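Single-structure report; data block below.
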Amino acid sequence: QVQLVESGGGLVQAGGSLGLACAASGRALRNNGMAWFRQAPGEERKFVAGIDWSGGGTVYADSVKGRFTISRDNDKNTVYLLMNSLKPEDTAVYYCAASYAAVAPGPGYRYIYWGQGTQVTVSS
């Protein structure tokens, strides 16, 4: 049974930074592309960023490009999301997910494992 557990969420002021981590247990996901999604109240879950199996390929939603950085450490079976220059509209529950594919996944890819989410709140 694979589990993804997110951590690092919290409350931050606009313009600040926050780092999220997603630790996988149950089996190594070094061959899987990984991604972060977010869901704000009353909205659908949206793609934020994706990373390929090696960490060498990444893809970002336009809304976070230049501000967020996704990375991974396959030895630790962990994926990270560093969020800079945070805005109130970044407030959401953030989820990590493992893709069936090895490439950097986007919103239309098939995701086979999901975490439970971590809340990020950005105050103005």
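Observations on the model:
- When Thr69, Thr118 are compared by accessible surface with a 1.4 Å probe, the order from highest to lowest is Thr69, Thr118.
- Given +1 at the Cβ of Lys and Arg, -1 at the Cβ of Asp and Glu and no other charges, the dipole of the chain around its Cα centre is 160 debye to the nearest 20.
- In this structure Val2 has an accessible area near 20 Å², from a 1.4 Å probe over the protein heavy atoms.
- Separation of alpha-carbon centers, the range 25-66 and the range 79-103, rounded to whole Å: 6
- Spatially proximal lysines relative to Lys46 (Cα-Cα < 23 Å; intrachain offsets below 8 disregarded): Lys65, Lys87
- Equivalent ellipsoid, the range 1-57 (semi-axes from 5 times Cα gyration tensor eigenvalues, Å): 23, 14, 14
- In the full protein context, the chain carries 50 Å² of accessible surface per residue, based on a 1.4 Å probe and ignoring ligands, DNA and RNA.
- If the convex hull is drawn through the Cα atoms of the chain, its volume per residue in Å³: 90
- Arg72 accessible area, 1.4 Å probe, all protein chains in place, Å² to nearest 10: 40
The values are calculated or read from the model by the stated rules, or taken from the named source; none is laboratory data. Predicted model only: the values in this text are computed from it and were never measured. Using ideal geometry, Cβ is built from the backbone for each residue, glycine included, and neighbour counts are taken over all protein chains shown. We work out accessible area using only protein heavy atoms, side chains counted, and drop any ligands, DNA or RNA first. Shrake-Rupley method; radii C 1.70, N 1.55, O 1.52, S 1.80 Å.
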